[in-house]
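Contents: one structure, followed by commentary.
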Amino acid sequence: MEYRQNDSHRISVTEVMKYVMAALLIGYVVLVLIVTGGSSKSFEEVSCGVEASLNSKNLTRQSGQALKRYYGLNSADYKGAMLYSSDASISVEEVLVIEAKNEAQTAEIREAVERRIEKRRNDFDGYAPEQVQLLDKAQILVRGRFVFMAVSPNADRYRTAFVKSL
């Protein structure tokens, strides 16, 4: 099928479809880059955005030693690291934000986070089902060089604060 614009130009449906498909493909790539892309913001800006949303009654900022003890990660290896956890021994509530120096480190950090969640699940399985449910609903997100994790009844709110701060 052909459409006539004038006698010297003919535009086929196939040509129109090529342009439509190219535009859709470009739109898809842009969307993927926006959703999975990193941030140009500093660690301080991102961590402050998350900190402002935290429930400070339940969570206490932890040191780099706690990051090493809980996750096996050395805070000096990264651009920045922020860990909050509950002081209560019967709570699994934690919030973590790390900015890696390069994107290759993000896989290492994510694996450490997943190991931590699995270890905590095994620790609480059988006697604290509400804590296991929180672990099952843990929010883990990697955006560029940033890794975010939240185990909390407010995990969705903390995740939203993280995404908005990027």
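Of note:
- Within the stretch 127-139, being open to solvent by less than 40 Å² (accessible area, probe 1.4 Å) and not in a helix (DSSP H, G or I) holds for Ala128, Ala138, Gln139.
- Inside the stretch 77-108, residues that are open to solvent by 20 Å² or more (accessible area, probe 1.4 Å), assigned to a loop (DSSP other than H, G, I, E, B) and in contact with a strand residue (DSSP E or B) (Cβ under 6 Å, 6 or more places away or on another chain) make up a count of 2.
- Residues in the stretch 115-126 that are over 18 Å from Tyr158 (Cβ atoms) and open to solvent by less than 90 Å² (accessible area, probe 1.4 Å): Glu118, Arg121, Asp123, Phe124, Gly126.
- Tally of residues being part of a helix (DSSP H, G or I) and either touching a Lys or Arg at 6+ places or on another chain (Cβ under 9 Å) or free of Cβ contacts under 8 Å to residues at least 12 places away in the same chain (or both) across the stretch 140-159: 2
- Which numbered condition Tyr70 fails, given (1) surrounded by fewer than 14 Cβ atoms within 10 Å (Cβ to Cβ); (2) under 25 Å from Ser42 (Cβ atoms); (3) over 17 Å from the mean Cα position of the chain (by Cα): (1)
- Residues satisfying the stated conditions in the stretch 40-57, i.e. among the aliphatic types (A, V, I, L, M), over 20 Å from Asp77 (Cα atoms) and assigned to a helix (DSSP H, G or I): Val50
The values are calculated or read from the model by the stated rules, or taken from the named source; none is laboratory data. Owing to the predicted nature of the structure, the values given are computational and were not obtained by experimental measurement. All Cβ positions, glycine included, derive from the backbone under ideal geometry; neighbour counts span all protein chains shown. Keep in mind that these areas ignore ligands, DNA and RNA; they rest on the heavy atoms of the full protein, side chains included. Shrake-Rupley method; radii C 1.70, N 1.55, O 1.52, S 1.80 Å.
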